[in-house]
1. Loop only per DSSP, at most 14 neighbouring Cβ atoms within 10 Å: give me the trypsin sites (Lys or Arg not before Pro) in the stretch 44-91, ordered by residue number.
2. Under the Karplus relation 6.51 cos²θ - 1.76 cosθ + 1.60, θ = phi - 60°, what is the ordered set of whole-Hz ³J(HN,Hα) values for the stretch 19-34, x standing for Gly and Pro?
3. On average, how much area does the Cα convex hull of the stretch 30-104 cover when viewed from any direction, in nm²?
4. Quick check: residue separation of ILE89 and ARG32 times 0.36 nm, minus the Cα distance between them. What number comes out in nm?
5. Please give me the summed charge of the neighbours of ALA45: other residues whose Cβ is under 14 Å from its Cβ, Lys and Arg +1, Asp and Glu -1.
6. Taking the number of other C-beta atoms within 10 Å as the exposure measure, put ILE104, ILE89 in order starting with the fewest.
7. Take the Cα atoms of the stretch 25-72, find their three principal axes, and give me the spread along each one in whole Å, biggest first.
Amino acid sequence: MPTQTEMDRTTKIERNEKGHWVPGTSGNPKGRKPEREIADVREAAKEWTTEAVATLGRIATDLKAPHAAQVAAATALLDRGWGRPQQRIEAHHRMSLVEMLRVIDQDPAQPKALEQD
């Protein structure tokens with residue numbers, strides 16, 4: 001398998017001495033895959049749904065399986081069946097959400113503007 005440097009040379013991707021992309025170059029010069037191709041992969045994967053869920057069920061209930069595998073399988077089943085649990089976000093701030101978004105939009109590099117007094 002070619003190294004990253006060899007791949008960069010063959011696809012004419014330019015990087016600077018630190019390995020960062022040179023302005024005006026793309027890390028994905030051929031662009032995104034066509035949406036139809038992505039949809040085909042999704043459809044092919046969906047055909048395995050029944051077997052995949054059965055496998056997760058077997059692993060989750062296999063007492064000889066490592067605990068980490070049992071938990072991961074059980075979590076995957078619950079997430080897919082019921083959705084991931086909601087996460088609560090608490091913010092104690094004197095600014096309204098709209099005001100905070102305006103500050104962030106004006107200069108996202110300045111989080112100090114959002115700090116409380």
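Since every read-out is calculated from the coordinates, none of them should be taken as a lab result. Quick caveat, the model's predicted, so the values are computed rather than measured. A quick note on method: Cβ atoms are made from the backbone with ideal geometry, for glycine too, and the neighbour counts reach across all protein chains shown.
1. LYS64, ARG88
2. After applying 6.51 cos²θ - 1.76 cosθ + 1.60, I find x, 7, 5, 6, x, x, 10, 10, x, 9, x, 8, x, 6, 5, x Hz.
3. On the way: hull surface 40.7 nm².
Convex hull of Cα atoms, orientation-averaged projection: 10.2 nm².
4. On the way: separation 57, 0.36 × 57 = 20.52 nm, distance 3.39 nm.
Length gained, ILE89 through ARG32: 17.1 nm.
5. Working: positive: ARG42, LYS46, ARG80; negative: GLU37, ASP40, GLU43, GLU47, GLU51.
Combined, the nearby Lys, Arg, Asp and Glu give -2.
6. On the way: ILE104 14, ILE89 5.
Placing the least packed residue first, the sequence is ILE89, ILE104.
7. If we take the Cα atoms of the stretch 25-72, the spans are 51, 27, 10 Å.
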